[in-house]
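Here is the structure we will look at.
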Amino acid sequence: MSGLGRRLIHGVVVGLLAGCALGHARAASNTLVLQRFLALHDPAPSDYRALRHLDARNDHFESSAWMDVWTDADRVDGFRYHVVSTGGSEYIRSKVFLATLEMERKMWASGEPDRAAFTPENYTFEDRGERSDGLTGLSVTPRRKDLLLLEGSIFLRPEDGELMRIEGHLSKAPSFWTRKVDIVRRYQRIAGVRMPVALESEANVRIAGPSTFRMSYEYEVVNGERVGAPQVRAAASPR
């Protein structure tokens, strides 16, 4: 793959890592729905096991790949992963998928970085009356340019303030070649814990155009409670 292709991959990885880092909103606001959100009991998971499906594509390079990965995490052994099925571009699998999982492993070991959290130190919040799919949207604006901060919106369920979705773009471009990275991250409360269930990222790269990445999560265990029985799809031969 060309140098431009490598820059494209870099943009996707940075966007994905930003999506992984963003989890909880903790900010002062007079908005009722945000007050409800802040009042929710929101423990971090002590352990989980999930089957993730990752796929990425760039039409300009006619390149795509996918991967199924078992991921486990707990407070003793940290984050681990085991690839069980895969197909498509070996370069994408190595430089995007595995690079992202390795970075998540390091982030789990060090703790979620404070510079990526939704705090008053990192963000300002504004209720602009935005609505989507019956949810209340609050605008979030980073107080500084940072690769792990998003400019966009959080979408809350109005009756209880539950965080359902985050949408936005990186407040700082990863490189000259990557002009914009858009991210959508969806959540669901499982076994009493708010967990990510889907991530979509698109990096717009000069000349190469958009490069898309998606990751979905199917949970088997959360906090010691069995919550599902994910199944691995059949393996495909790499292209």
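The values are calculated or read from the model by the stated rules, or taken from the named source; none is laboratory data. As the structure is a computational prediction, the values presented were derived from the model and not from experiment. Neighbour counts are summed over all protein chains in view; Cβ atoms, including those assigned to glycine, are modelled from backbone coordinates with ideal geometry.
Tabulated data
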quantity	calculated
Which listed residue, of Val96, Val84, is at pLDDT 85 or above and not acidic (Asp, Glu)	Val84
From the options Asp72, Asp59, residue that is under 28 Å from Gly224 (Cβ atoms) and more than 15 Å from the chain's Cα centre (by Cα)	Asp72
Selection count where residues are surrounded by 18 or more Cβ atoms within 10 Å (Cβ to Cβ) and farther than 18 Å from Glu220 by Cβ, scope segment 56-78	7
Candidates Arg165, Arg206, filtered to the one that is surrounded by fewer than 19 Cβ atoms within 10 Å (Cβ to Cβ), at pLDDT 90 or above and touching a Phe, Trp or Tyr at 6+ places or on another chain (Cβ under 6 Å)	Arg165
Residue within segment 104-115 that is surrounded by 18 or more Cβ atoms within 10 Å (Cβ to Cβ), farther than 28 Å from Ser153 by Cβ and at pLDDT 85 or above present	no
Residues (under 16 Å from Lys95 (Cα atoms) and modelled with pLDDT under 80) located in segment 33-72	Phe61
Pairs with Cβ under 8 Å, 6+ apart, first in segment 50-62 and among the aromatic types (Phe, Trp, Tyr), second at pLDDT below 90 and surrounded by 18 or more Cβ atoms within 10 Å (Cβ to Cβ)	Phe61/Gly5; Phe61/Leu8; Phe61/Ala208
